4 protein chains.
Amino acid sequence: MAKSRFEYVRTYEQDAILLPNTYIVIRLDGRGFHRFSAHYNFRKPNDKRALCLMNAAAKQVMRQIPDVEGAYGQSDEYSFVLSRECRMFDRREAKLVSTFASTFTAQYQFLWPEFFTDISLDGNMLPSFDGRAVLYPSLREVRDYFSWRQADCHINNLYNTSFWTLVLTGGLSEHDAEQALMGTNSGAKNELLFSQFGINYNDEEIMYRKGTMLIRDVGAGGAASESTESRDVQEWHEKSKRQVEREEKKRRKAEIVELHVDIIGDEFWRGAGRWIS
Amino acid sequence: MAKSRFEYVRTYEQDAILLPNTYIVIRLDGRGFHRFSAHYNFRKPNDKRALCLMNAAAKQVMRQIPDVEGAYGQSDEYSFVLSRECRMFDRREAKLVSTFASTFTAQYQFLWPEFFTDISLDGNMLPSFDGRAVLYPSLREVRDYFSWRQADCHINNLYNTSFWTLVLTGGLSEHDAEQALMGTNSGAKNELLFSQFGINYNDEEIMYRKGTMLIRDVGAGGAASESTESRDVQEWHEKSKRQVEREEKKRRKAEIVELHVDIIGDEFWRGAGRWIS
Amino acid sequence: MAKSRFEYVRTYEQDAILLPNTYIVIRLDGRGFHRFSAHYNFRKPNDKRALCLMNAAAKQVMRQIPDVEGAYGQSDEYSFVLSRECRMFDRREAKLVSTFASTFTAQYQFLWPEFFTDISLDGNMLPSFDGRAVLYPSLREVRDYFSWRQADCHINNLYNTSFWTLVLTGGLSEHDAEQALMGTNSGAKNELLFSQFGINYNDEEIMYRKGTMLIRDVGAGGAASESTESRDVQEWHEKSKRQVEREEKKRRKAEIVELHVDIIGDEFWRGAGRWIS
Amino acid sequence: MAKSRFEYVRTYEQDAILLPNTYIVIRLDGRGFHRFSAHYNFRKPNDKRALCLMNAAAKQVMRQIPDVEGAYGQSDEYSFVLSRECRMFDRREAKLVSTFASTFTAQYQFLWPEFFTDISLDGNMLPSFDGRAVLYPSLREVRDYFSWRQADCHINNLYNTSFWTLVLTGGLSEHDAEQALMGTNSGAKNELLFSQFGINYNDEEIMYRKGTMLIRDVGAGGAASESTESRDVQEWHEKSKRQVEREEKKRRKAEIVELHVDIIGDEFWRGAGRWIS
């Protein structure tokens, strides 16, 4: 029975449910991080403290939400992939996206003093993150999604490294550095760094060049990737609550491994990439 | 041009856009606050510090997001109503909901030490909030939405006050208190509080009984509520960016007023309730 | 209980529900009507039989679906507006859109011989219509929607009248007619028709110039348009099934009136336009 | 540029796009076919003319819409499965669902005289169909979907055969027949038909018992079913328009085969079932 005559307003609530048996990728992005990073004097082109803080927050999210099978981060963004079987919040989109944004924010802020030991957060410039959910029906697309983010990391980092080297070492104005790089391809940027500044881009810190992949080490044979066709979807839909909880417990206990490697080629997906089910 | 051959994965992104010219209500709920409040020893039936912290965080959200016209909070939930004209994030649902959840979380955590002066937050028990967006086409429904939440506040608070009085003052076990209240209506609970404990429920702190309404004091004639019919929707859609920014600035400067009053009757909506446009 | 182990596939069904208390406009468009009209030798620039057939089919749809309050048609499209209170199919989008498309198609085909007395339909070139639903929160937007379609009718018909007069009377090739009209505004087209061909565009058949508006004549005071604010939304949500059926019956009995008038100005909406509730 | 000041109403249109790389099943259901079949005196428990008309209309839909890879029909419903790669209408849900409903309706009505040679359609009782779209990420689910519908066909047909035999041959009232069957399982119904009426249910016409499967015979190796993992999704997204048209042409030319067979077991899916890609 309705507790009050106002309860009709509930009929306006519409829950978007994410299609079953598809991978859910939740990507968080720092809101206004241009201003945020300027406010806290992040180092250019990369601030190691900031990136390690992102990684630490993401690891905590994975520890607290066992449905996450892996995550990839670079710059001020982090993407979490949830199991195709994920039933968290009955796959309600708004609850999922807001919970990831909220949990990540809480961890980022809580862990801040560990990484920025001498700078306090200012109440008028707190970190915040917005989020979105994307569905992928097959593992191939999930893999290509991560490849897309890593290719993006590469392009941006090569540009930023070149730009800030021209400015900080080369003494160019920001405007002149921008002009100098306009229209150059990867080869030209590599060449510029090497010939003018003696920098071999491939010697730059690998976390900056490749971003960070977090996987859950569920052990040999744990979550071996099987093709969609051969998995028994019926069986999954009938899985008992106890079975789900047992798997969840296993994932909760698994160590979270941080990798800075190429995730575009096959090698990662044959080996460590078998984390995804 | 695509930066990499992986960019096709973007075509899987689907942005749910919230229907124009409807009020957007975003409701945040504490995640697992039963465990959270037990962990930090919240006082029963109401912990004033916790409620004031919720209010303080909500005020900061309103200060930072001028599209919010008002908000109502009780217990571990807060509802924000956004202007019918809101164009924030082009009304993309996931971005809106996640941003509110993230911003509120950040403020709640940041302001925690002001209210819980002697208890530090524990990294394994951080506050987090999930969110949802609901659309209402008319002011009547927005009003009924807020009435629904206040009626809910009343019902829960009367129950909790009776329950914890039976336990803490009356010495009943939690189980016996539950039994004693089972099936009782409001009158019976009022009577029980008065006859057995000399408590007049209406003397209880009004914030506990009515929750907290936050409004933006945009001044006389500021945002006088007009009927949908008479507003010129065309004009709104053609509003210049400058005009939008001017209104935003006005809202940013307006003082945020905290009220603990009845919002179900007409009085509030004729007077202070004219904050909504 | 599940009748078979395959019933889990039902959990993939997702019903999009159209927001309550908003007007639903369903617009149908002829599929491939360029080819269709060529196949059946429709007259240029307007085929009266084809337009009257569209109107006759739309009237039958209104007779059979009492939730329709009015409709507007031009060329090979028809838009139906459903009451803000419409509960048909619990406002499920797919069912609504497909039912309108199917019902209109059936009537169009059934009534074809009445209007095209000497041309039979060919099984490989049957009429078909696709549809979409759009929501409008206020009557102002519904009115502007209809104005949009009538403005579109005017623009297209003035162009087509000029084009086909140049071709059929003026003897120009289609290419030359197109060139002659390129970049001309309304005034120039009116002038061209008058000076070169002695045609006063305003004397052209009004149905061609204004399209067709269908309204349900529910009688004086029947569905007087009230502002959203003053209507009691609660009351509506509590309306009994019997009350809904009584109103439906009233609408079913109301005569459907066909109008060829200006629906952009105020006059229509003050008078006949009061059909909408 | 906007053609009129009313064009802002277009911003309210929201196109639901069906997730790429998932199978689309569109199911059409006869609207009010209980009344419809009574009006035209359909034979009980099955009217062969009506079922063959459904099949004929579905075949025409498949001929005209090459994206359909197969279809299954029983009673007054038909389900069409579209290729995972389908790009028709850019996968806009409303357009797809309405087009199938409209096209099927047109064909059903057009073909009616071929099957009901001596009964004309009545303008106040025309056939109409509503529709819905469901997405399935893997072939396993598509297969289980069809199995679900065939299991439903079996259950309903066994019931209807028993019911109408009791009524038409056994002379029971409809109420008594209903009572007689209440709570009986399949075995009991088979036994009742055999012992009381000498009917071996398995000798009943196979189309009644199994429904109708339509597949497109694209020839050996044509659309061999591959697992999701091994298909190159990237390649698909980059497929040229010409390639798509070539495949479409191939499908258009393929013969459509009508089957009345078990589609629950493996055999169909190993053999003829390889129609799906």
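When a/c reaches 1.5 or more, the comparison of a/b and b/c decides; with that in mind, is the stretch D:73-152 rounded, prolate or oblate per its Cα gyration tensor? Since a/c reaches 1.5 but b/c is at least a/b, the shape of the stretch D:73-152 is classed as oblate. For the residues C:Asp76, C:Asp262, C:Asp122, a GNM of chain C with alpha-carbon springs under 10 Å puts the largest fluctuation on C:Asp122. If we count every other residue with Cβ under 13 angstrom of D:Gly131's Cβ, Lys/Arg +1 and Asp/Glu -1, where does the sum land? So the surrounding residues net to -3. Shape analysis of the stretch C:2-55 based on the Cα gyration tensor places the equivalent ellipsoid semi-axes at 42, 19, 9 Å, largest first.
For the residues C:Lys95, C:Lys239, C:Lys210, a GNM of chain C with alpha-carbon springs under 10 Å puts the largest fluctuation on C:Lys239.
Working from Cα pairs under 8 Å separated by at least six residues, relative contact order for the stretch B:1-79 is 36 percent. Charges were assigned to the Cβ only: +1 to each Lys and Arg, -1 to each Asp and Glu. The resulting dipole of the stretch C:1-59 about its Cα centre is roughly 400 debye. Counting pairs of alpha carbon atoms under 8 Å apart in space and at least six apart in sequence, what relative contact order in percent does chain A give? Once normalised by length, the contact order is 24 percent.
Counting Cβ atoms of other protein chains within 10 Å of each Cβ in B:143-151 and taking the mean gives 5.
The alpha carbon gyration tensor of the stretch D:102-196 gives principal lengths a ≥ b ≥ c with a/c of 1.5 or higher and a/b no greater than b/c, which makes the shape oblate. Label-to-label distance for B:Ile206 and C:Glu191 is 7.1 nm, based on points extended 7 Å past Cα in the beta-carbon direction. Mean per-residue shielding of peptide B:86-94 is 3, counting Cβ atoms of other chains within 10 Å of each Cβ. With K and R counted +1 and D and E -1, the other residues having a Cβ less than 9 Å from that of A:Gly30 yield a net charge of -3.
Rank-order C:129-141, A:32-44, A:63-75 by packing density, defined as the average count of other C-beta atoms within 10 Å over each peptide's residues, highest first.
Going by the mean number of other Cβ atoms within 10 Å, highest first, we get C:129-141, A:63-75, A:32-44.
Taking only Cα atoms and a 10 Å spring cutoff, compute GNM fluctuations for chain D and point out the largest among D:Arg84, D:Arg49, D:Arg209. Most flexible of the set in this elastic network: D:Arg49.
Classification of the stretch A:237-277 by its C-alpha gyration tensor yields an oblate form. The axis ratio a/c (a ≥ b ≥ c) is 1.5 or more, and b/c is at least a/b.
Counting only Cα atoms, the size of the protein assembly as shown along its three principal axes is 89, 79, 69 Å, in decreasing order. The mean number of partner chain beta-carbon atoms within 10 angstrom of a residue's beta-carbon across peptide C:115-125 is 1. Distance from the Cα centroid of the stretch C:150-170 to that of the stretch D:109-149 is 40 Å (rounded to whole angstrom). Ordering A:Ile256, A:Gly187, A:Asn157 by Cα displacement along the dipole of chain A toward the positive end leaves A:Ile256 in first place; charges were set at the Cβ atoms of Lys, Arg (+1) and Asp, Glu (-1). The DSSP beta bridges internal to chain B are antiparallel in roughly 100% of cases. Evaluated with a Cβ-only charge set (Lys, Arg +1; Asp, Glu -1), the protein assembly as shown carries a dipole of roughly 0 debye about its Cα centre, given to the nearest 20.
Since every read-out is calculated from the coordinates, none of them should be taken as a lab result. None of the values given here were measured: they were computed from a predicted structure. Reconstructed Cβ throughout: ideal geometry from the backbone, glycine too, with neighbour counts over all protein chains shown.
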